[in-house]
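Structure first, commentary second.
The values are calculated or read from the model by the stated rules, or taken from the named source; none is laboratory data. Note that the structure is a prediction, hence the values are computed from the model and not measured. Backbone-built Cβ (ideal geometry, glycine too); neighbour counts: all protein chains shown.
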Amino acid sequence: MTEQTIALVTGANKGIGYEIAAALGALGWSVGVGARNDERREAAVAKLRAAGVGAFGVPLDVTDHASVTAAAELIEDRAGRLDVLVNNAGITGSAPQMPTTVDVATVRTAVETNVIGVIRVTNAMLPLLRRSTSPRIVNISSGVGSLTRQTTPGAETGPIAVAYAPSKTFLNAVTIQYAKELRDTNILINAACPGYCATDLNGFRGVRTPQQGAAIAIRLATLPDDGPTGGFFDDAGEVPW
């Protein structure tokens, strides 16, 4: 078993996920690049390695049980444990997402990836995380999942999106439930809001860079042992639920 810190980032072949992997790798960590597309995953691994990151590819489709199980087995065989899990993989879902006209399949697909996928991956990786001395789980959420912001007059919460926004609210609630169950362990789990970053998830309309968006995930991935758990944070601090 290696003593090098081992991390897994889902959806890490591009955008914020890639930048999270790069930043964790810059700390000298060994980083698993989780992605379902073989070509994009291996291209990301090659790029990270060229930059000096100890990256390795992890074939991973968060919506597929067999894929997730195989990913856990890969990390088991490679390192024997996992120190940090960053649940970054997510989708916005197809448009339009007006509540009165949405195709319910769009909502179902968003929840399957953004919520159930996180539960599936987290539960598969928990036995490996329990072997770590300082395990951390970071769930990449969004400020649009804040019910407080959504109901505050004048607050900027983006377009109406009955699939995407509630899926992040759901993810926040799931994060709390994990924190409650794991409160007597050394596992810290938190939700992170990267802000409105320019990625292909939003057609590169965001006002922040993926590198800026990755910063909060890095902070939560490297929390001290007495750090918070069950919280929702962005660069400015706690995000209201």
Only unsatisfied item for Met98, checking (1) closer than 17 Å to Phe232 by Cβ; (2) surrounded by fewer than 18 Cβ atoms within 10 Å (Cβ to Cβ); (3) touching a residue at least 60 places away in the same chain (Cβ under 8 Å); (4) not acidic (Asp, Glu), is (1)
Across (1) in contact (Cβ under 8 Å) with a residue 40 or more places away in the chain; (2) within 22 Å of Gly195 (Cα to Cα); (3) not hydrophobic (A, V, I, L, M, F, W, C), Thr157 clears everything bar (1)
In segment 26-57, residues that are under 16 Å from the mean Cα position of the chain (by Cα), closer than 21 Å to Gly80 by Cα and either surrounded by fewer than 22 Cβ atoms within 10 Å (Cβ to Cβ) or hydrophobic (A, V, I, L, M, F, W, C) (or both) total 3
Exactly one of Leu147, Leu201, Leu171, Leu129 is in contact with a Lys or Arg (Cβ under 8 Å, 6 or more places away or on another chain) and either of a type outside the set (Phe, Trp, Tyr) or modelled with pLDDT of 95 or more (or both), and that residue is Leu129
Screening Gly32, Gly17 for residues that are farther than 20 Å from Arg131 by Cα and either out of contact with any strand residue (DSSP E or B) (no Cβ under 6 Å at 6 or more places or on another chain) or not hydrophobic (A, V, I, L, M, F, W, C) (or both) leaves only Gly17
Q: Using the structure shown, decide if Thr169 is touching a residue at least 24 places away in the same chain (Cβ under 8 Å) and in a helix (DSSP H, G or I).
A: yes
Restricting segment 65-94 to residues that are acidic (Asp, Glu) and in contact (Cβ under 8 Å) with a residue 24 or more places away in the chain, the one farthest from Leu188 (Cα to Cα) turns out to be Glu76
Going through segment 1-25 in order, the residues found to be more than 18 Å from Gly80 (Cα to Cα), in contact with a helix residue (DSSP H, G or I) (Cβ under 8 Å, 6 or more places away or on another chain) and not in a loop (DSSP other than H, G, I, E, B) are Thr10, Gly15, Ile16, Tyr18, Glu19, Ile20, Ala21, Ala22, Ala23, Leu24, Gly25
Residues in segment 138-152 that are surrounded by fewer than 18 Cβ atoms within 10 Å (Cβ to Cβ) and not in a helix (DSSP H, G or I) total 2
Selection status of Val121, part of a helix (DSSP H, G or I) and more than 19 Å from Ala179 (Cβ to Cβ)
no
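Listed here are the residues, each with its yes/no results for (1) modelled with pLDDT of 95 or more; (2) hydrophobic (A, V, I, L, M, F, W, C); (3) over 14 Å from Ala7 (Cα atoms).
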{"residue": "Arg41", "(1), (2), (3)": "yes, no, yes"}
{"residue": "Pro59", "(1), (2), (3)": "yes, no, yes"}
{"residue": "Ala79", "(1), (2), (3)": "yes, yes, no"}
{"residue": "Asp83", "(1), (2), (3)": "yes, no, no"}
{"residue": "Thr106", "(1), (2), (3)": "yes, no, yes"}
